[in-house]
Amino acid sequence: MAHAQSLAKLSELEMALAQEKGASAEKAKELDQVKRDLDKTRQEKEKMSDDFEERRKSYLLHTADLNKRIEQYAAKLAEEKERTREKDDRITLLNDELAQRTGELDGERRELSSLQA
């Protein structure tokens, strides 16, 4: 009888061990799935990081290009402003000359008028 009890106990322990092995195998499968999910998430994160870095580089290049174009435009604008100032100065000189010459002619006209009178 003791032998039968021992066999029953042994059989019970073997069943418990089989259940534990089954549970352990299930946990191992879950762990493998978690590892695969983690790897997938890590790869997605790296791709997003790489994509972000590419967009950032593109933005920096675009910004640098815009800044260069703005500087070129500002230089052209400064040159045009200088040419306009030079033209304005020339016009002022010509107006001064014209006023002086007009004054001289008015003086000569008065002289002629007084001589004719």
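The values are calculated or read from the model by the stated rules, or taken from the named source; none is laboratory data. The model shown is predicted, which means the values in this text are computed figures rather than measured ones. Neighbour counts run over all protein chains shown; Cβ positions are idealised from the backbone, glycine included. Accessible surface is based on the protein model in full, side chains and every heavy atom, while ligands, DNA and RNA are left aside. Shrake-Rupley method; radii C 1.70, N 1.55, O 1.52, S 1.80 Å.
Restricting to the range 72-113, count the residues that are of a type in the set (Ser, Thr, Tyr) and open to solvent by 80 Å² or more (accessible area, probe 1.4 Å).
So the answer is 1.
Can you say whether GLN33 is part of a helix (DSSP H, G or I), of a type outside the set (Val, Ile, Thr), out of contact with any Pro (no Cβ under 8 Å at 6 or more places or on another chain) and open to solvent by 100 Å² or more (accessible area, probe 1.4 Å), as far as the supplied structure shows? Here the answer is no, as GLN33 does not meet what is asked.
Condition check: acidic (Asp, Glu) and over 22 Å from the mean Cα position of the chain (by Cα). Does GLU80 satisfy that? So GLU80 passes the test.
In this structure, GLN43 does satisfy being in a helix (DSSP H, G or I) and open to solvent by 100 Å² or more (accessible area, probe 1.4 Å).
One residue is enough: does the range 23-30 have a residue meeting the conditions open to solvent by 80 Å² or more (accessible area, probe 1.4 Å) and within 44 Å of the chain's Cα centre (by Cα)? Yes, the conditions are met somewhere in the range 23-30.
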